[in-house]
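To start, the structure itself, in structure tokens.
The values are calculated or read from the model by the stated rules, or taken from the named source; none is laboratory data. Note that the structure is a prediction, hence the values are computed from the model and not measured. Virtual Cβ from ideal backbone geometry, glycine too; neighbours counted across all protein chains shown.
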2 protein chains.
Amino acid sequence: MPRATIGDVARVAGVSKGTVSLAYSGNRPVAEETRRRIFAAAEDLRWTPSQSARALATSRTGSIGLVLNRRPDVIATDTFFSRFIAGCEAVLAEAGMGLMLHVVGDPDAEAAVYERFAAGRVDGVILLDVEQDDTRPELVRDLGLSAVVLTGEQPRTDTSSDLPVVWTDDASAIHELVDLLVHAGHERIAHVAGPLRYVHAATRRRAFEAAMSRHGLEEARIVEGDFTAASGRSAAEQLLGSAAPCPTADGTAPITLPDRPTAIVFANDVMAIAGLSYARSIGLRVPDDLSITGFDDSELSAHLSPGLTSVSTGAEARGEAAARTLLAVLTGAAPQCVEVEGNRVVRRGSLAPPSTV
Amino acid sequence: MPRATIGDVARVAGVSKGTVSLAYSGNRPVAEETRRRIFAAAEDLRWTPSQSARALATSRTGSIGLVLNRRPDVIATDTFFSRFIAGCEAVLAEAGMGLMLHVVGDPDAEAAVYERFAAGRVDGVILLDVEQDDTRPELVRDLGLSAVVLTGEQPRTDTSSDLPVVWTDDASAIHELVDLLVHAGHERIAHVAGPLRYVHAATRRRAFEAAMSRHGLEEARIVEGDFTAASGRSAAEQLLGSAAPCPTADGTAPITLPDRPTAIVFANDVMAIAGLSYARSIGLRVPDDLSITGFDDSELSAHLSPGLTSVSTGAEARGEAAARTLLAVLTGAAPQCVEVEGNRVVRRGSLAPPSTV
DNA sequence: GGGCGCTATCAAACCGGTTTGCGCCCATGG
DNA sequence: CCATGGGCGCAAACCGGTTTGATAGCGCCC
């Protein structure tokens, strides 16, 4: 038996289609007695309005779109996305909206997805991983899609794009990490950044350099990673050398190379964990010989030994804020920039004063 | 300027709406010359058919639904989901379909999502994490949704549900792991399972017991975890005791308790990594004093030291297979059960013969 | 009692596609 | 020369809702 339609409900309740619609939307008053009859009929027939029909009539699809343009294994290991999506979902579900997700492999594919989104599939989109000279804001504007952008710094007011922005202050978190390290006595601190084409990665990198020079430490060593464990490990290899001059088989500390960093600030937890593991494998003790920090504060980081010092980014909160902002725009509110105060440094055992050799 | 409609295209091309539609669908032949005019007009107007209108007319929404009923932090750390979704997406995108994702917190919320799915939002759904006496197959059938189920064992033919199933042979992978451990000389092997309400977790647990008894090792110790790092750590605590009787500060091996397991088979990588970390923190050497295996083979596992022995589950392949099967059902094919041969044991340094004390 | 305003409802148009019965036109064959 | 048939395209119905101008019914007041 096919699904009941609004016509069936109207017939059973003895009213017209229009009245049923009004009873549900409340756009015009309906007599209490009539409303009861309609609801009863709808319940009897197990009727729920068809989203397809409603979408056509209202030209609102009732869902928003999200495109993830990263390699699947990065999405899988980086814990940001899942938590961000969960945050979005919590808000969207409350509003009766759906989330349409696409995972793509390259920018062209991503553009194609927005084209399809604009053809009556979603009402708006959330833009993640903004790059330098990103063409997507322009694209979605041309397509008539509402959008909200996620960034890691306060948007400049002179920016050409007038899209609403949800941002966190990533730079401060980096400053805090560097401060912690410097106060603990570190001087040779290295940074393993994310792909620098991402604005947020570049922001953190700049923040790292600024923090270092603020402490009079100019010789900041920076390696660009790509958020994978593999790149975290190879970055560590570059920074630490391929083997300790003197393995710790006998329990003594390895000789400290003059230019070997005593601390590394990684751009995410996965790279940090892989880097930590590598450091140990060449005989370095963490944190005695090398302090390590991550970024994202994945659930795993708290349960390592030593625990990984990281930055809790409030991914859920950012997802919620992004969804909320987008919903507001969809209901006609003016675009706004909202800050999410989600970043919080979590200090754990992986950060300690350097051992004095 | 609002989006062009099929009527605009028809007018510009000098034909009727119907002919435009036919030219695109190919459901009836259209003269070559006419077709060219239509396509040219469509291109001029940058017209793309509205999915909303098409959905109403064809009663096909062009998207499928996926509900994740797990805690956000578990989804975030467990790498299965992202890779599974990426696999789905690859197939769906090719077919011009979308994926509607929902993350929910409890079974009631999940049921509500399926109700909404059935109201013209998706054409079919993929069911993950099947539980004992799961009510979802029945629910989606009642709602008239097409569905495909993902499992970790061959479906019994006497099962009441006639839904198509995409399955992998998880039990064999567990048998292989246990075989590896036994051949390496282990006898006291423990298992940290996933939540046993999940059919796949129960399957693996049974497989573990069967493998042990096949080797004449009856005293299988099993702890139930919940896939989080926290539970992996506390499971390790239960199995290994809270501290090594003799710390390795002087480099000697800790005294082996008579009943301490020499190997632990974890149900996923995150728990394994947390467990490994705990073991080390109480002075046990991995793999010398304790061998450890995981499940899922996350990208991180390959880049630890020692590398984590795990089971590569072919999550992408399973996603692809699930999407493909669902698409087939949607186009009218008979429900089928397909096996995905994705499980492959990846041996790394965390598995070795027990040290003879 | 007639005019007025208000409320509750109806009927019809509309959203933008798909589907199908029908008719036109031209070529072909008897 | 006329009947037949096939290739093309048109017009209209339809999908299941929403929206709105019109109307019926009612009470109220002057």
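Give the residue that is nearest to DNA strand C (Cβ to nearest atom), with candidates limited to residues of the stretch B:1-52 that are of a type in the set (S, T, N, Q) and more than 14 Å from chain A (Cβ to nearest Cβ). So the residue we want is B:21. With the structure loaded, tell me whether residue A:73 is at pLDDT below 95, on the phi > 0 side of the Ramachandran plot and surrounded by fewer than 23 Cβ atoms within 10 Å (Cβ to Cβ) or whether it fails that test. No; evaluated as a whole, the condition is false for this residue.
Having 1 or more residues that are hydroxyl-bearing (Ser, Thr, Tyr) and away from chain A (no Cβ under 14 Å) is the bar; report the helices (runs of 4 or more DSSP H) wholly within the stretch B:132-229 that clear it. Spell out the reasoning first.
Details: elements: B:136-143, B:170-183, B:199-214.
Here the list reads B:170-183, B:199-214.
For beta carbons closer than 7 Å, sequence separation of 6+ or different chains, a first residue in the stretch B:27-43 that is free of Cβ contacts under 8 Å to residues at least 12 places away in the same chain and a second that is in a helix (DSSP H, G or I) and not basic (Lys, Arg), the qualifying pairs are B:28/B:22; B:30/B:19; B:30/B:22; B:30/B:23.
Of the helices (runs of 4 or more DSSP H) that lie entirely inside the stretch A:43-111, those containing 1 or more residues that are in contact with an Asp or Glu (Cβ under 6 Å, 6 or more places away or on another chain) span A:72-77, A:80-94. Restricting attention to the stretch A:87-131, the residues that are facing chain B (nearest Cβ under 9 Å) and either among the aromatic types (Phe, Trp, Tyr) or under 27 Å from residue A:52 (Cβ atoms) (or both) add up to 24.
Identify the residue in the stretch B:230-254 that is in a loop (DSSP other than H, G, I, E, B) and of a type in the set (S, T, N, Q) and, among all such residues, is modelled with the lowest pLDDT. It would help to see each step written out before you state the result.
From the stretch B:230-254, those in a loop (DSSP other than H, G, I, E, B) are B:241-247, B:251-254; that's our starting set.
Filter again for of a type in the set (S, T, N, Q), leaving B:242, B:252.
Values: B:242: 64, B:252: 47.
Applying the filter and picking the extreme gives B:252.
The residue that is nearest to residue B:172 (Cα to Cα), among those in the stretch B:307-343 that are surrounded by fewer than 20 Cβ atoms within 10 Å (Cβ to Cβ) and touching a Pro at 6+ places or on another chain (Cβ under 7 Å), is B:337. Checking each residue in the stretch B:344-357 for being within 24 Å of residue B:169 (Cα to Cα) and surrounded by fewer than 17 Cβ atoms within 10 Å (Cβ to Cβ) picks out B:344, B:346, B:347. Residues in the stretch A:53-74 that are in contact with a strand residue (DSSP E or B) (Cβ under 6 Å, 6 or more places away or on another chain) and facing another protein chain (nearest Cβ under 8 Å): A:63 only. Number of residues in the stretch B:12-51 that are surrounded by 15 or more Cβ atoms within 10 Å (Cβ to Cβ) and over 27 Å from residue A:122 (Cα atoms): the value is 8.
Pairs meeting the criteria (first residue in the stretch A:280-308 and farther than 18 Å from residue B:303 by Cβ and more than 9 Å from every other protein chain (Cβ to nearest Cβ), second residue surrounded by 24 or more Cβ atoms within 10 Å (Cβ to Cβ) and acidic (Asp, Glu), beta carbons under 7 Å, at least 6 apart or on different chains) are A:297/A:269.
For the stretch A:1-44, the tally of residues that are within 11 Å of DNA strand D (Cβ to nearest atom) and of a type in the set (D, E, K, R) stands at 4.
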